[in-house]
Every structure is written in C-alpha cells, then in structure tokens.
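Note sheet for the following structure.
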Amino acid sequence: MPNRSMYTILIVDDNAQNLFALRALLENSLNAHVLEAASGLAALEKISQHKIDLILLDIQMPDINGFEVAKLIRNRKRYRNIPIIFLTGIYKTEEFKQRGLEGGGIDYLTKPVDDTILLNRLRAYLRVLEDERSLNLQLEEGNRKLQEEIEERKRIEELLRQREEQLELFFSESLDGCFFMMLDDPVQWDDSID
C-alpha cells in the first residue's frame, strides 16, 4: 500500500468505541486517511475544512441526526456529490432505509455490520471515485491540449494576417512601380512572332 492516502473518509458516530473500531478497520484495509467526528455539527465542520471523498454516517446522534446532516450536505452545491453511507444500529426498518436513500445516501447498512461486506462496498465506491478522477484527469489533459491548439491557431492566423498585409503592400507598391516603369519605357511589340 502506498504511503500517501488516495482517499479521505469521514466517519461520524457519537460512540467512541465505534469510531475507534471503524478507524482501525479502514486504516488497516484501505488506502485512506480517516477523519472522525463525534457529532453531526462536528461532521459539518470537518467537511468544510477538508476534502472528503466518502462519509460513513451514523443516524442517531445527540445534536442533529444523520438524516439532517445528510440533508445539510446535499443542500450545499460544493458538497452534494460526496457519497454518504448510513450506518445505524437502531433504525433498521425498511422505512428508515428508504428515508436514508431518498435523503442522499448511496447505501444504508445496519450495525453490527460485517467487516467484509463493509470493506467490499467501500472498495467498490472508491473504485468508482478513482475512475471518476481518472476520467477528470483525461478530460483536463484533453482540454489543456485543445487550449494549446487554439492558441497555436490564433498565433498562426495572426502571422498569416500580417503576411497578407505585407504582400498586399508589396504588390501595391510593386504594381505602382511597374506602371511607372511602363510609362518611362514603352513596351515594344514584335508582330512578326506568331
């Protein structure tokens, strides 16, 4: 595993033991930098201070619940595309799962969550992020090359315009000179050549 983390994952849970266990699991299994927040407000603060790639979000928290945190994140254009995975030990019914997914979550897992299932899902989401980053880099490179080509074409067009002006000036002066030469030295026609 490379020394530099490719991703930053924010885990949000008001239970210190859950934070510790998730951090240990993620840091040992993924190429990710893990940030922690023990409340919804702390999570929002972390999101505003760091570039977050993925959020694991508990639902039941003392200040604002995970559903409300997700809604606040989704309402901000800058953060709305951060994937959110809800983790809950209490809200296990289909109704809450639907609420979480409709509220902006990309997944909804119930505790205790199997480590293998969690890691496989996280790896799948991180692969999608990696593919998106790769496509964005290719797009940026293509745009950079296109911009260089546009600048080169503008430069060539300007050179052509300058050359055209020079030729027009040259020909207008040359024709004037030829005309005056013709007046000074009339052309002799030889009708004997057929």
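The values are calculated or read from the model by the stated rules, or taken from the named source; none is laboratory data. Predicted model only: the values in this text are computed from it and were never measured. In this analysis, Cβ positions are derived from the backbone assuming ideal geometry, glycine residues included, and neighbour counts consider all displayed protein chains. The accessibility values were calculated without ligands, DNA or RNA, using every heavy atom of the protein model including side chains. Shrake-Rupley method; radii C 1.70, N 1.55, O 1.52, S 1.80 Å.
Some observations on this one:
- Residue list for the range 79-96, filter: of a type in the set (A, V, I, L, M, F, W, C) and either assigned to a loop (DSSP other than H, G, I, E, B) or in contact with a Gly (Cβ under 9 Å, 6 or more places away or on another chain) (or both): Ile82, Ile84, Ile85, Phe86, Leu87, Ile90
- In the range 58-68, residue farthest from Thr8 (Cα to Cα) [restricted to those that are outside any loop (DSSP other than H, G, I, E, B) and open to solvent by less than 70 Å² (accessible area, probe 1.4 Å)]: Phe67
- Looking only at residues in the range 74-90 that are within 19 Å of Ala38 (Cβ to Cβ) and not aliphatic (A, V, I, L, M), the one that is surrounded by the most Cβ atoms within 10 Å (Cβ to Cβ) is Phe86.
- On inspection, Ile55 fails the criterion of being in a loop (DSSP other than H, G, I, E, B) and modelled with pLDDT of 90 or more.
- Residues within the range 20-47 that are part of a strand (DSSP E or B) and within 23 Å of Ile64 (Cα to Cα), tallied: 4
- The set of residues from the range 115-145 being of a type in the set (Val, Ile, Thr) and over 18 Å from the mean Cα position of the chain (by Cα) comprises Thr116, Ile117.
- Of the candidates Lys71, Lys51, the single residue that is farther than 20 Å from Pro112 by Cα, touching a residue at least 40 places away in the same chain (Cβ under 8 Å) and surrounded by fewer than 19 Cβ atoms within 10 Å (Cβ to Cβ) is Lys51.
- Taken over the range 103-135, the residue count meeting the criterion of being open to solvent by less than 70 Å² (accessible area, probe 1.4 Å) and assigned to a helix (DSSP H, G or I) is 8.
- Tally, over the range 1-19, of residues that are among the aliphatic types (A, V, I, L, M) and in a loop (DSSP other than H, G, I, E, B): 2
- Lone qualifier among Arg99, Arg76 - being assigned to a helix (DSSP H, G or I) and among the charged types (D, E, K, R): Arg99
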